[in-house]
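Have a look at the structure below before the remarks.
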Amino acid sequence: ATAGKVIKCKAAVCWAPKQPLSIEEIEVAPPKAHEVRIKIVATGVCRSDDHVLSGAISNIKYPLILGHEAAGIVESVGEGVTDLQPGDKVIPLFAPQCGKCRSCVNPDSNLCYKIDIGKYDGVLLDKTTRFTCKGKPVYNFASTSTFTEYTVVDDIAVVKIHPDAPLDKVCLIGCAFSTGYGSAVNAAKVKPGSTCAVFGLGGVGLSVIIGCKVAGASRIIGIDLNSNKFPKAKEFGATECINPKDYDRPIHEVLTAMTDDGVDYAFEVIGNTGVMTSALLSSHFGCGKTVIVGVAPANATMSFDPLALLTGRVLMGALFGGWKSKNDVPKLVCDYINKKINFDGLITHTLPFEKINEGFELLRKGESIRTVLSL
Ligand code: APR
Ligand code: ZN
Ligand code: ZN
């Protein structure tokens, strides 16, 4: 009944940084060719949305609708959309998969050229937005914009998932879980019996631990400045946890002493370039692999003696856990349904959508791992 018509609904509009989101009535235009209009059912509160609210991401256009970790149901589709129909359960993809660009045709890359993160054009592929509020256009965020009852995305930025999927859980496959888990099983390719170090025990770091455990690592060492994060890390599979504050020497020296000259795999899941170097030096000189998962602030640089790599270490990074989103997200959802993976423990809080600002407060105070908002 709503297909082809403008939908009026509630959304959390970000008018400017450093102020609360404001719940407004917005208009959502129907999808154009190769676009999909989605009713959002559940959406997570992620650190990357907060980077926009805090002003840390400066090259972005306001007003906009944030949110990129979600699950919902297709309301209507535009012309030429062949793989989705109204009623399908879906996950929006902040890392789209066009299937045609140089990255998409390379089996080893997932960084589709159509990604908006970093560029922050804030529009769909046709260079316009489907949102208006109080007569003004409202920009998109990360190809997704999920802090709204209805959103419109390009068909390369959304994928159909299994009809039995619980949307209030699998929304985390849209960002935090897949990013961390994929960094271990897909980017690093952790081997059975190996030793891993995970720096940063937030939602993404805990998901790295889940991946290390599924991959059969025998030692998983969690590192965090906040020891309150340790019990949960152990629940997810950390075999030991250490706090750099408890030592009077550099943490990489502590780790190499603990692990017969260094770990097999080190993961930086904070976004601190100093910690990235510590992670690298914690890995074994001849065969250690380090994966950068955390997003460092703009203009930050890493520095280290290149001999650290010459002896055989590998340093790499991965966005969205290296997953090719359209191909892999439905498989991850099936793994969740079949209980091959479980990440329910990441969800520490659930709130109605209207309390979105409370969700961000919980994140900033370090009280929540993940808050899921229900619409
Ligand atoms: N050494 C050790 N631990 C630290 C340090 C440090 N120097 N600085 C911060 N931490 C810990 C914090 O105490 C916190 O537990 O790192 C953890 C980071 O967790 P969150 O802030 O909850 O972040 P998360 O959502 O897990 O994301 C981590 O991944 O995707 C990226 O943008 C995201 O860069 C961010 C990173
Ligand atoms: Zn995210
Ligand atoms: Zn592509």
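Report, in listed order, any pair from LYS10/LYS89; LYS134/LYS355; LYS160/LYS189; LYS18/LYS39; LYS8/LYS339; LYS189/LYS326 with a Cα-Cα distance greater than 32 Å.
LYS8/LYS339
I need the phi-derived Karplus couplings for segment 186-194: 6.51 cos²θ - 1.76 cosθ + 1.60, θ = phi - 60°, integer Hz, Gly and Pro marked x.
Rounded to whole hertz, the list is 10, 7, 6, 6, 4, 9, x, x, 7.
Would you list the membrane-span-like helices of the chain, meaning whole DSSP H runs whose alpha-carbon atoms span at least 30 Å along their axis and whose mean Kyte-Doolittle value is at least -0.5?
none
Please check which bits of segment 61-78 a label hung off ALA298 would reach, taking the label as a point 7 Å along Cα-to-C-beta and the cut-off as backbone N under 13 Å.
61-62
Given +1 on the Cβ of Lys and Arg, -1 on the Cβ of Asp and Glu, and no further charges, what dipole in debye does the chain carry about its Cα centre, rounded to the nearest 20?
Charge dipole of the chain: 420 debye, to the nearest 20.
Once each part is reduced to its C-alpha centroid, what is the distance from segment 88-154 to segment 239-291 in angstrom?
Value for the Cα centre distance between the two parts: 36 Å.
Considering amide H positions built from the backbone, and no H for Pro or chain starts, which residues 5 or more places from THR290, or on another chain, come under 5 Å of its amide H?
Distant-sequence amide H within range of THR290: ALA266, VAL314, LEU315, MET316.
Sorted by packing (mean other beta-carbon atoms within 10 Å per residue), highest first, where do 41-54, 221-234, 102-115 land?
41-54, 221-234, 102-115
Where the accessible area of segment 17-144 is counted over protein heavy atoms with a 1.4 Å probe, how much of it, in %, is carbon and sulfur?
Carbon and sulfur: 53 percent of the exposed surface of segment 17-144.
First select every other residue whose beta carbon is under 13 angstrom from the beta carbon of ASN243; then total the charges, Lys and Arg +1, Asp and Glu -1.
With Lys, Arg at +1 and Asp, Glu at -1, the neighbours total -2.
So which of LYS169/LYS191; LYS100/LYS213; LYS32/LYS100 end up more than 24 Å apart, counting from Cα to Cα?
Going by Cα-Cα distance, LYS169/LYS191; LYS100/LYS213 fall outside the 24 Å limit.
Sorted by average packing, counted as other Cβ atoms within 10 angstrom per residue and highest first, what order do 322-332, 354-364, 146-156 take?
Answer by packing, highest mean first, reads 146-156, 322-332, 354-364.
Per residue, how much accessible area does segment 177-321 show when a 1.4 Å probe rolls over the protein heavy atoms, in square angstrom?
42
Using amide H atoms built in the peptide plane, which far-off residues or other-chain residues are under 5 Å from VAL158 H to H?
Here the answer is LEU93, since their amide H atoms fall under 5 Å of that of VAL158.
Which of ILE221, LEU172, ALA300 sits closest to the plus end of the dipole of the chain, meaning its Cα is farthest towards the positive end, when Lys and Arg get +1 and Asp and Glu get -1 on the C-beta?
LEU172
Could you check the simple spin-label distance between GLU79 and ALA56, using points 7 Å along Cα→Cβ, in nm with one decimal?
In this crude label model, GLU79 to ALA56 measures out at 4.3 nm.
Treating only the Cβ of Lys, Arg, Asp and Glu as charged (+1, +1, -1, -1), what charge dipole size does segment 1-110 show about its Cα centre? Round to the nearest 20 debye.
The calculation lands at about 140 debye.
In whole Hz and in residue order, list the ³J(HN,Hα) couplings for segment 114-121 that follow from phi through the Karplus curve 6.51 cos²θ - 1.76 cosθ + 1.60, θ = phi - 60°; x for Gly and Pro.
In residue order, the calculated couplings are 7, 5, 9, 5, x, 7, 6, 5 Hz.
Counting only protein chains, not ligands or nucleic acids, how are GLU253, GLU24, GLU240 ordered by accessible area (probe 1.4 Å), most first?
Largest to smallest exposure gives the sequence GLU253, GLU240, GLU24.
When all C-alpha to C-alpha distances in segment 177-321 are sorted into bins of 5 Å, what percent of pairs does each bin hold, rounded to whole numbers?
In whole percents, the pair-distance histogram is 2, 11, 23, 26, 22, 12, 3, 0.
Pop out the Kirkwood hydrodynamic radius of the chain from its pairwise C-alpha distances, inverse of mean 1/r, in Å to one decimal.
21.0
Show me, for segment 85-94, the HN-Hα J-couplings you get by feeding each phi into the Karplus relation (A = 6.51, B = -1.76, C = 1.60, θ = phi - 60°), rounded to Hz, glycine and proline as x.
Values, residue by residue: 9, x, x, 5, 7, 9, 10, x, 10, 6 Hz.
Summing +1 for each Lys or Arg and -1 for each Asp or Glu, what net charge is found among the other residues whose Cβ lies under 11 Å from the Cβ of ALA33?
Taking every Cβ under 11 Å from that of ALA33, the sum is -4.
The values are calculated or read from the model by the stated rules, or taken from the named source; none is laboratory data. Keep in mind it's a predicted model, so treat the numbers as computed, not measured. So basically every Cβ, Gly included, is an ideal-geometry build from the backbone, and we count neighbours across all protein chains shown. Areas reflect the complete protein model, heavy atoms only, side chains present, ligands, DNA and RNA absent. Shrake-Rupley method; radii C 1.70, N 1.55, O 1.52, S 1.80 Å.
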